[in-house]
Each structure stands twice: as C-alpha cells, then as structure tokens.
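Below is one structure, written out as structure tokens, with a few remarks after it.
Each value in this text was obtained by applying a stated rule to the coordinates, not by laboratory testing. The model shown is predicted, which means the values in this text are computed figures rather than measured ones. Virtual Cβ from ideal backbone geometry, glycine too; neighbours counted across all protein chains shown.
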C-alpha cells in the first residue's frame, strides 16, 4: 500500500520534472530572443534593476512551501544560466 | 518598434517566471509528501540512485537551448532545496 503511494508520487514528480525542463528551456529561448533585440539596440544584456524586479515578483507571488530566500536562490541560478546562454550566442556570432 | 518587441518578450518572460514558481512549489509539495511516506516506511530521504535516474531523464529529454550540464546543475539545486524542505519538516516534527 505504502509502496504504491510512493510509486504514484514519484510518477507525479517525474511529470513535474519534465514540465520544469520544458519551461526552463522555453525561458532560455525567450532570453535568447531578448538578447538579440538588445544587441540590435546596443543595450547591455545584464540589467540588475530588471533582475531585482523579477525576484520581487517571485516573492510577492510565493505561496510556498519553499521560502522566499530559497526561491530567490533558485531563480538567481536560472538567471545566471540564461545570461551565459546569451553570452554563448554572442561568442558564436563573433566566430561567424 | 524594437522597444515594443522587448516589452512583449519581457511580458512573456514574466509569465514563464510565474509558471516556474508554481511548478517548483508544486514539486516541493510532492517532495514533502514523499518525505512523509518515507518517514512512515523508515526509508532514507536521500536516494542518490533515484536522483541520478532523474538527471538522466532530464538529459534524455533535453531539446535545448540549455546544455545538459547546465540543466543538471539547475536540477541539482532544486533537488538540494527539496531535500532541505524535508529536513525542515522533520525538524518541525521533532519540536512538536
């Protein structure tokens, strides 16, 4: 009985993992597009004010169970990875 | 024209951020439930084999633009935060 319960929960977790994967990659594509627009405009890629705003929205909308601090940490990691993605694109463009 | 393009992309990014927030918290709740079941069973919370399996599934299903290594890093951070969530629950239970 308990074993089944664990199997069901793990199956749900696997589904959530795949949804997260798709969403993180969707976010990556959007950040790449934003990088392209900023490149055309000659605007800096890293915008600390915009990043702070996004983190505030995360905290304002957090219903738990994760604490704000934990979510801010996770999102900062996602932001950092996204910025690196833009830098990779920049680097590739320079190599062309 | 370009400014509007940036505004539209940022609006989409804000939506994806909120979807990610909801999904990470949904994952947190599932992990808490799994923690409860494991507690009843007397099983260890941390299962490195299960974690490795989940990371392999992430890589197998990765369609980019993020590289496997980046996604593995992000998911490891999410796993770590989830484990801490179970530990918090454990700690609270001990205080009751």
Those residues that are at negative phi and more than 17 Å from the chain's Cα centre (by Cα), I need them from the stretch B:61-88; list them, please. B:63, B:65, B:67
Among the candidates B:60, B:68, B:88, B:4, single out the residue that is over 29 Å from residue A:51 (Cβ atoms) and either loosely packed, with under 14 Cβ neighbours inside 10 Å or without any contact (Cβ under 8 Å) to a residue 12 or more places away in the chain (or both). B:60
